[in-house]
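Below you'll find the structure, written out as structure tokens, and then a few comments.
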Amino acid sequence: MKSHPFRIVAIPAIAILLLAGCSAAPSPSQIGSPPPASSPDGSAAATPEIADLVVSILPIIDLAPLHIAIAQGLFEAEGLRVSTEVLAGGAAAIPALVAGDLQVTFGAWPSFLKANAGGIELRAVADGDAAAPGFTQFLALPGSDLEGNPAGMAGKKIAINTLGNLGELAVRWALTEAGVDPDSVQLVEIPFPDMGAALESGNVDVIWAVEPGVTVAKSVLGAVVVVDSYIGPMAGFPVAGYQVTRQFAERYPNTVAAFRRAITAAAAIARASPQLVTDLAPSFTSLTPELAAQISLPVYGGTIEAATLHRVYDLLVSFGIMAEGLDVDALIAP
């Protein structure tokens with residue numbers, strides 16, 4: 001059987017979104033001992049009720065703060081021992097979270113909000129990241145007359161990874177901004193690792209690509225940018241974050257607080273040192289150092305605020321993806 005040209009080149013970088021594992025990062029001894037844990041007011045932090053946490057992850061650049069916290073001993077300083085487990089995505093991790101096989105998951109905020117609306121009580125622990133220019137883009141093949149032409153997506157087939165989630169929000173807003181009826185396009189669910197092949201074969205006209213898929217598709221296919229994903233009022237849109245069950249948050253508040261402090265500190269490091277993120281990326285993804293140096297980074301968060309979740313929820317409601325009535329303010333772990 002003839003091998004697919006895109007898959008041969010792209011899988012090593014793109015397939016990290018679902019398939020790759022978490023490689024060893026620099027040990028804390030290589031970086032230096034972390035300071036003792038303390039509360040925001042400077043007092044000694046309360047001891048975590050449980051120390052061992054399993055966190056579900058995707059091997060993507062969004063999770064750089066988690067890996068920084070591991071590498072620099074920030075979890076250790078808080079009295080935590082954190083291990084990671086690669087799953088297919090935030091939505092797929094929710095059943096394992098509810099069953100107690102995981103304690104923390106990293107997932108997209110729409111999945112989190114829809115789970116709560118459906119009776120699965122989750123709580124937000126920390127903000128993960130928000131979109132930045134170049135991090136997520138609509139891409140098409142060269143010669144398609146779609147470069148820089150979002151209005152040209154009218155009537156086209158557009159690949160997104162999950163219906164009713166961030167991709168659909170981005171499609172609807174980009175088309176609305178371009179004066180196009182969002183219902184005029186056909187949305188096709190395609191996993192991120194398969195999007196490049198679908199675009200090359202002509203099965204779709206446009207793909208909603210996220211890093212490192214953006215950089216790989218441009219490099220391998222010469223893909224062109226139709227429009228950046230998060231534009232206008234969606235600029236800097238919240239993407240994903242760290243979540244636990246309501247029962248876990250209520251039973252282990254000191255553990256949740258310790259995890260939040262470590263992630264918040266690591267996110268500040270990531271924001272201040274993007275070079276550190278790109279240098280560390282090959283240790284927790286399948287990216288080569290050369291590719292890691294080219295990708296566009298998101299804006300890393302840390303402290304989670306109700307306004308962040310409201311921004312996502314309000315847009316979901318405005319597009320009819322969710323109904324009104326969810327108490328968003330109650331969804332942040334105290």
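The values are calculated or read from the model by the stated rules, or taken from the named source; none is laboratory data. Note that the structure is predicted; figures quoted are calculated from it, not measured. All Cβ positions, even for glycine, are placed from backbone atoms using ideal geometry, and neighbour counts span all protein chains on display. We work out accessible area using only protein heavy atoms, side chains counted, and drop any ligands, DNA or RNA first. Shrake-Rupley method; radii C 1.70, N 1.55, O 1.52, S 1.80 Å.
DSSP bridge analysis restricted to the chain gives an antiparallel fraction near 60%, rounded to the nearest 5. Inverting the pair-averaged 1/r between distinct Cα atoms of the stretch 286-334 gives 13.7 Å as its Kirkwood hydrodynamic radius. With protein chains left intact and a 1.4 Å probe, residues in the stretch 215-284 average 34 Å² of accessible area per residue.
In a fully extended conformation the segment linking ALA151 and ASP327 would gain 59.8 nm over its present Cα-Cα distance, using 0.36 nm per residue.
Candidate cross-link partners of LYS156 among the aspartates and glutamates, defined by an alpha-carbon separation under 19 Å and a same-chain spacing of 8 or more, comprise ASP145, GLU147, GLU168, GLU177, ASP181, ASP183, GLU189, ASP194, GLU200, ASP205, ASP228. The percentage of C-alpha pairs in the stretch 60-128 whose separation is greater than 13 Å is 68%. Over the stretch 48-202, the alpha carbon radius of gyration divided by the compact-protein estimate 2.2 N^0.38 Å works out to 1.25.
Highest mean first, the peptides 284-291, 169-176 sorted by other C-beta atoms within 10 Å per residue fall in the order 169-176, 284-291.
For the chain, hydrophobic long helices are taken as DSSP H runs at least 27 Å long by C-alpha position along their axis with mean Kyte-Doolittle hydropathy of -0.5 or more; these are 253-272. How would you classify the stretch 151-204 from its alpha-carbon gyration tensor, with a ≥ b ≥ c the square roots of the eigenvalues: rounded for a/c under 1.5, else prolate if a/b is greater than b/c, otherwise oblate? Since a/c reaches 1.5 but b/c is at least a/b, the shape of the stretch 151-204 is classed as oblate.
Taking a ≥ b ≥ c as the square roots of the Cα gyration tensor eigenvalues, the stretch 178-334 comes out oblate, since a/c reaches at least 1.5 and a/b does not exceed b/c. Take each peptide in 77-85, 179-187, count the other Cβ atoms within 10 Å of every residue, and average; sorted highest first, the result is 77-85, 179-187.
Value of Rg to Rh for the stretch 168-233, rounded to two decimals, is 0.95; Kirkwood radius and Rg both from alpha-carbon coordinates. For the stretch 234-306, the Kirkwood estimate of hydrodynamic radius, built from reciprocal distances between every pair of different alpha carbons, is 14.3 Å. Between LEU276 and GLN186, full extension at 0.36 nm per residue minus the direct alpha carbon distance yields a gain of 28.4 nm.
With all protein chains in place and ligands, DNA and RNA left out, the 1.4 Å accessible area ranks ASP228, ASP194, ASP62, ASP52 as ASP52, ASP194, ASP228, ASP62, largest first. Which value does Rg/Rh take for the chain over its C-alpha atoms, Rh per Kirkwood? With Rh from the inverse mean 1/r over Cα pairs, Rg/Rh is 0.97.
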